[in-house]
Each structure stands twice: as structure tokens, then as C-alpha cells.
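Participant: Please read through the structure below; I'll follow up with questions.
The values are calculated or read from the model by the stated rules, or taken from the named source; none is laboratory data. Everything numeric here is computed off the predicted structure, so don't read it as measured data. Neighbour counts run over all protein chains shown; Cβ positions are idealised from the backbone, glycine included. Calculation scope for accessible area: heavy atoms of the full protein, side chains included, ligands and nucleic acids excluded. Shrake-Rupley method; radii C 1.70, N 1.55, O 1.52, S 1.80 Å.
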Amino acid sequence: MSISAKNIGLFAVVFGLILLTGFMQSWNVALGIINMGLISAVMALGVNMQWGYAGLFNIGVMGFVALGGLGAVIVSMPPVNEAWAAGGLRLIFALVAGAATIVAAVFAWKRLPRGAVRTLGMLAILVVGFFVYRGLFDPAVEAIERVNPASTGYLGGLGLPILISWPIGGLLAAGAAWIVGKTALGLRSDYLAIATLGIAEIIIAVLKNEDWLSRGVKNVIGLPRPVPYEIDLQQNENFINWMTTWGYDPVIASSITVKLAYAGLFLVVLLVLLWLAQAALSSPWGRMMRAIRDNETAAEAMGKNVTKRHLQIFIIGSAVCGLAGAMMTTLDGQLTPGSYQPLRFTFLVWVMVIVGGSGNNFGAVLGGFLIWFLWVQVEPVGRWLMDTVTAGLADGSALKAHLVGSAAHMRLLTMGLILLIVLRFSPRGLIPER
Amino acid sequence: MDLVNALVALLNFVVIPATAYGAQLALGALGVTLIYGILRFSNFAHGDTMAFGAMATILVTWVLQGAGISFGPLPTALLALPVGIVAAAALLLATDKVVYRFYRRQRVTPVILVIVSMGVMFIYNGLVRFIIGPDDQSFGDGARFIINARQFRDMTGLSEPLAFKTSQGITIVTAVIVVAILFWFLNHTRTGKSMRAFSDNEDLALLSGINPDRVVKITWIIVAALATVAGVLYGLDKSFHPFTYFQLLLPVFAAAIVGGLGSPLGAIVGGFVIAYSEVTVTYAFKKVANYVLPENLEIDSLAQLLSTDYKFAVSFAILVIVLLFRPTGLFRGKAV
């Protein structure tokens, strides 16, 4: 069996599993898996660029995904004019002052001669700048958050179509990645890992606490959609006529149509990205990246700027994660900062990349679908397993209740096992790099 | 101007909590740094090891409490601690045998071991949630305070109260004892010396006849003890919640890196640096300032640099600053 036949077979197996879900559970569940699978595949592509192409160990995926989600809010929600009037400009002024402080401090550090003057000067700039910033920032935030806190209490967005937010979400993530990369790249791989872990937690903390920006834990709900609403379809004469002539129930058909529309949009993004990623990988640039990954010293000796290339790929990969994050928030129709968990958004994506095959874009895509399918299906299977195991126990026994109740936590256990088994017996993943 | 009350307020809200938290972080960071020094990788499963050890201790504590056994004014959990350590050690040794040893034999690059430890982290995390559930568990008993606010007021007649929780006292005392034993072990016993030799130069250590398997085994046992003690103390002081242990990973690693990965002394200093900065930066100094400042200058604002939700940002900022200006940490750790 040739390699490509094996790969096609693997994809066929995964989609067979999803089809089976459609027949055995419901098409809604199957399409749900496909939609999140497409998004997961995009995330996995982003991580695969960083890890597979360049060997960068980024475990802050969650933060970049969340920034993408913030992008969706900022672009698509209607602006809250009252809040803008209350403190919008003051707030922007405060942020500019804060940024200027940091730029001035960096400038002072770079330009002043070494010595006590430089250290004290930089500290003085930072301290004074911080108090100026807080002095401007706090009243502005208070004014904004006082505007109708139950339904808005934030600045809102730009009121543009939500599709525009996908590239914007990517750009936001890219900006954050630039800041992280500037400070942490060039350090050892473990340090980059810890730094990205930290920045992800900070981004989530900002989203949770800066109510003026994202409404914090009050969540932004009801984001506009790029596809029609189920309720509109159900009231649309043509739609009902079509569906009834084809013999479908309009209510179920409407939700399936909406999911199919999302799937179409996501598929276009995934295919374009996959094409770009493949083209990049087989270009001289891709060969250079792999050369750097395999032997940094040799690549540097050949005149390649390793730090710069690392920064470049780190930004690109993070931007792809941000894009996926914006897509996910679009699909959910809401931004819920409290729901971002590192195990789900960082480490699960890593399992996808490792299981699929690091360094191979098709592997990452396969891993995205497969692991997401398992993530969704392990829970019902776990419950069934627990019911079977505990069938012999008396009803109402504490052990039985505990075991059945714990079935939900089978997910993490299973993901860890899958990761360890793949790393042990097939360390290059299901579809290895050539 | 009231310096005494200001000092008491500072002691109550900053010094005591930060010292207890610092001791917990230092114990956690010691485990991370030992694994880094001897097994040469960053163990991402460490937070969940702490959770597992604490969980085992809690289960035994419940059994003891059920049997009516108590430790007088001290929490029963201290009696259960040795069992928790044994359970954690068994888990770590089993993991090493099943998982890590294979990669050690293959001499893979450290980053692969880090990814492997990610898988182990998932499994431990799942295990803990599976056995004890994802919710808060309280298991502290015994006397709640060494000195409570009322006693302190009666004793000193100051207007500012001061409370010293038993859990904080126990944390500090236990940490001192554990660290003393660890340093004595590393510096004065044959096994400890062989561990340091192995950490300094593996090839040379092997040439001088040190048994690597034994060193690794003992390291895991010590790490299990440190992680369990840290986990239980943290749980007693705050509360046991599986997810918070995962989140402790960041400050613990920050402490280990700030001190210099692989340096035990550095881990302790790093733990206190991180803890004190977190608490000072997120504490609202209004009260202290108003005691110190003359009456006409009293401030209304909280005088809080950052809200408590940003404590991660503090450990992160310290980490970045140290890495930028002193990449090997304060105590010259190793750079693999």
C-alpha cells in the first residue's frame, strides 16, 4: 500500500466515524463535530507551523485563540455610542499614554549609556508613566462601565460584518505574538514554553476583568452571524416548501442548513490555509525553516538569521490560531472568557498535532478531526462503560453513583493515554513528515 | 501618624500571607528544580502531582476523621501526610517505569520529555478529577488560629487586628523542617552527594560508578514528598481545588526559573520573590498608607497597583525581567 493510499484511508476512517455518528446519533451532532473539527484543524495547522516547521514550543495557544474571539467582538458588535461619549476618547488616550511609557522606557534603556543613570532613568519613566496611565485610565473605565451595565457596560465594537473579524482576530493574535516573541524567543525552549503559558493566562485574565473591553465574565452574547438564523429559515416560505417536497422536517432541516453553511465557510478557510501552508513548506522558505529546526548552528553558519525566522513563524502560527479563535467565537455566537481552559484550548491542540503527525500539514488536519471526534465521543462511551461496569452494583450505592458521575472526567484520561501511546509507538504521528 | 498600626496591618495582610505562600511555592519549585537538575526536563505534570499527593492525603484524612482520630489542635491532615507521600511516590515511580524510562534510554531531546510530561499531566489531572471530583474539598480541622484578631487586640490594645492562622504557622514550620532535611540530605549523605554529582556532570558521575537508576528513583521519591507537602499545605491554607493546582504551575515554574533552574537554593529564594511580589503588587495599601500619612493627606483610592486577578501577570513579569537581564536565574542555574 502506497503512502498516499494509507493517508487517504486514514482520512476515510475518520470521516467514516463521523458519518457513523450521523447515522447512529444525529446529523446535528455529526455536523457539530465537523464544524469544530474544521476549526480544530485550523488551530492544529497553526501549532504545526510553529512546532512542526520550526520546533518552537508554544503552549499559549489558548491566549491567541481568545484574542481571535475578542477580535470577533470588536469587529462585529454594534458600537455603544453612549459609552464612547462617556469615556471612549479618554480611554484611548490612556492606552496611548501607557504604550508611550513603555516605548520611552525601552528607548531610554537602549540609548542611555550603561550605569546607574540608565537604570534609574528607566525606572523613573516607568513609575511616573504608570501613575499617569492609571490616573487617566481608571476614571475612563469607571465612566464606560457605568453605562447600562446590565446589557452593555462596554465600548462595543465597530458594527462591521463578522467575517471581517477573522483576519482581524488573526492580526490581534499576531500583535500579541510579536510582543511575546520579541522578549522570549532566543531564550531556551523551556523558557519560551513558560512565557507563552504565562501570556495566555494573562490574556484570559484581561478578557475576564477588563469589562470595558469584553464585558468580562458577563460575556458578550448574540454576535451577528454570517449565515441565516434558524428561525428565519423556518418562517421562509421557499425554505419550507423545498424541505417538505424533499421530505424533511423544516425545523431539523433549518438547523442542519445553518450548520452546513458554517461548515462551508470553515472549509474554504481550511482549504486556502492548507494550500498556502503546503506551498510555503515546499518552497525554499520551508526548506530553510526545516534546516533551522534540524540544526540551528549549521543554519546560522549558512547565514540564516535564526532569531528573525523564529519570530516570523511564531507570529504566523499564532495568527492562524487567532483566526481559528475568531471562527470559533463566530460559530458559538458569543464570547465567554470564563470558558477558556488551557487543557481544552492549548494542550488538546497539541495532542492533535502530535497524534496527527508534527511537520505534516495533512497530519495536523487529520489530528484535528480525529481528536475532536474522540473528545466529543469519549464522554458518552465513558458513561456507557461505567454503566456496564457498575451494572452488577446495587442501585443507590455510593460507589456506583460516584463512578457514573465521574465518567465525564474520562476525557482527560483518554487524551493523555492517546498522547503517550502515540509518542511511544509512533512518535512521528499518524501521517509522518516525509 | 501611627507606625505601629501600619506595621501590624502590613504584617497581617502582606508579610504573613506572603511568607506562607512563598513557602508553598518554594516547596513546589524545589520539586521542579530537582527534576530539571537530575532528569533534565521541565516537568509540566508537577502541578498535578501536587494535586494527586494532596488528594491522597485528603482521602486518608477523611478515613482518620471518620475513625475519630485527631491530632489535637493541629490538622489531622498532618498525620495522613506520610500516607499521601507514599501514594504519590508510588504513582511517580510507576509513571517513571512505564513512561519516562523508555525515553531516557533513548536519550531523546529534553523537549520531547516535556511533551511526554504533558501527556502525564492529562492523565494525573483526569485521575484526580476521577477519584475526588473537580469541586472544592475542605479537610482542615483542629484550631483555626494561633492568634485570632480578638486575642491580639486584647493582648496589645491596638486598633488594628492581626490574625495568624494555624495553617500559615504550620506551612512555615513544615517548610523550614523539610528544606533543612533536604539540604542535609543533599550535602551530607552519600546518596545526596551522588545526586548532586549526577546533576553536575552525568558522564563523570557514571564513570565514578554512580548507579543512575538509583539516583533517578530517589529523585522521584523526594519529588513526591516535596510535591505532596506543598500540595497539602496549599490546600490547608487556601482550599483544595484540582484546577488551582494546575494554575500553580506558572508561579512554581516562575520561582524555579527566577532562582535558576537546577539550583535548590535558587528555588527557595525564587519562591519567596514571586510570592512577595504577587502579594505586594496586588495588595491595596490604602489602610497602611492612611496610618502612616498625616491626617490631612489621607487618600481615598485603594492604592492598589494591580487587581488581584492579575497575580499571574506579576509572576510572569518578574520571570521576563529576570530572563532578560540574567538568563540563567539569580543563582546561576544550568542551561541545557
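Participant: Could you say which residue among A:ALA299, A:ALA279 is surrounded by 15 or more Cβ atoms within 10 Å (Cβ to Cβ) and in a helix (DSSP H, G or I)?
Facilitator: Criteria check complete, one pass: A:ALA299.
Participant: Tell me the residue from A:GLY382, A:GLY396 that is open to solvent by less than 20 Å² (accessible area, probe 1.4 Å) and either out of contact with any strand residue (DSSP E or B) (no Cβ under 9 Å at 6 or more places or on another chain) or at pLDDT below 85 (or both), please.
Facilitator: A:GLY382 is the lone residue from the list that is open to solvent by less than 20 Å² (accessible area, probe 1.4 Å) and either out of contact with any strand residue (DSSP E or B) (no Cβ under 9 Å at 6 or more places or on another chain) or at pLDDT below 85 (or both).
Participant: Give the residues of segment B:119-174 that are open to solvent by 30 Å² or more (accessible area, probe 1.4 Å) and acidic (Asp, Glu), sorted by residue number.
Facilitator: B:ASP135, B:ASP136, B:ASP141, B:ASP154
Participant: Check segment B:124-144 and report whether any residue there is within 8 Å of another protein chain (Cβ to nearest Cβ) and of a type in the set (Val, Ile, Thr).
Facilitator: yes
Participant: Pick from A:GLY175, A:GLY129, A:GLY181, A:GLY135: which is in a helix (DSSP H, G or I), within 14 Å of chain B (Cβ to nearest Cβ) and open to solvent by 20 Å² or more (accessible area, probe 1.4 Å)?
Facilitator: Every option except A:GLY135 fails the conditions.
Participant: On to the next question. Inside segment B:307-336, can you point out the residues that are in a helix (DSSP H, G or I) and more than 8 Å from every other protein chain (Cβ to nearest Cβ)? I'd like the intermediate steps shown before the answer.
Facilitator: Going residue by residue through segment B:307-336, those that are in a helix (DSSP H, G or I) are B:308-325.
Scanning segment B:307-336 gives B:THR308, B:LYS311, B:VAL314, B:ALA317, B:ILE318, B:ILE321, B:VAL322, B:PHE325.
Participant: Only residues that are of a type in the set (A, V, I, L, M, F, W, C), more than 23 Å from B:ALA267 (Cα to Cα) and within 24 Å of the chain's Cα centre (by Cα): list them for segment B:148-193, please.
Facilitator: Once the filter is applied, which keeps residues that are of a type in the set (A, V, I, L, M, F, W, C), more than 23 Å from B:ALA267 (Cα to Cα) and within 24 Å of the chain's Cα centre (by Cα), segment B:148-193 yields B:ALA163, B:PHE164.
Participant: Which condition number does A:PHE373 fail, the rest of (1) more than 20 Å from A:ASN58 (Cα to Cα); (2) within 14 Å of another protein chain (Cβ to nearest Cβ); (3) modelled with pLDDT of 85 or more being met?
Facilitator: For A:PHE373, the failing item is (2).
Participant: Would you call A:VAL349 touching a helix residue (DSSP H, G or I) at 6+ places or on another chain (Cβ under 9 Å), farther than 18 Å from A:GLY170 by Cβ, within 14 Å of chain B (Cβ to nearest Cβ) and assigned to a helix (DSSP H, G or I)?
Facilitator: Working: touching a helix residue (DSSP H, G or I) at 6+ places or on another chain (Cβ under 9 Å): yes; farther than 18 Å from A:GLY170 by Cβ: no; within 14 Å of chain B (Cβ to nearest Cβ): yes; assigned to a helix (DSSP H, G or I): yes.
No.
Yes/no per residue for (1) closer than 27 Å to B:PHE145 by Cα; (2) away from chain A (no Cβ under 12 Å):
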| position | (1), (2) |
| --- | --- |
| B:ASP237 | yes, yes |
| B:ALA254 | no, no |
| B:SER263 | no, yes |
| B:VAL273 | yes, yes |
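Participant: Another question, then. If you scan segment B:278-306, which residues turn out to be open to solvent by less than 60 Å² (accessible area, probe 1.4 Å), within 14 Å of another protein chain (Cβ to nearest Cβ) and farther than 15 Å from B:PHE13 by Cα?
Facilitator: B:ILE299, B:LEU306
Participant: Could you please find all residues in segment B:20-49 being assigned to a helix (DSSP H, G or I), of a type outside the set (Val, Ile, Thr) and in contact with a Ser or Thr (Cβ under 7 Å, 6 or more places away or on another chain)?
Facilitator: B:ALA20, B:ALA23, B:GLN24, B:LEU34, B:TYR36, B:GLY37
Participant: Among the residues of segment A:308-325, is any touching a Leu at 6+ places or on another chain (Cβ under 8 Å), of a type in the set (S, T, N, Q) and assigned by TED's automatic domain parsing to the domain that holds A:VAL73?
Facilitator: no
Participant: Please go through (1) more than 18 Å from A:VAL13 (Cα to Cα); (2) open to solvent by 20 Å² or more (accessible area, probe 1.4 Å) for A:VAL351 and return the number of the only condition it doesn't satisfy.
Facilitator: (2)
Participant: So, restricting to helices (runs of 4 or more DSSP H) that lie completely within segment B:53-169, which ones have at least 2 residues that are farther than 18 Å from A:LEU423 by Cα?
Facilitator: B:77-95, B:110-132, B:149-156
Participant: Being touching a helix residue (DSSP H, G or I) at 6+ places or on another chain (Cβ under 9 Å), within 11 Å of chain B (Cβ to nearest Cβ) and farther than 16 Å from B:LEU127 by Cα: is that true of A:PRO432 here?
Facilitator: no
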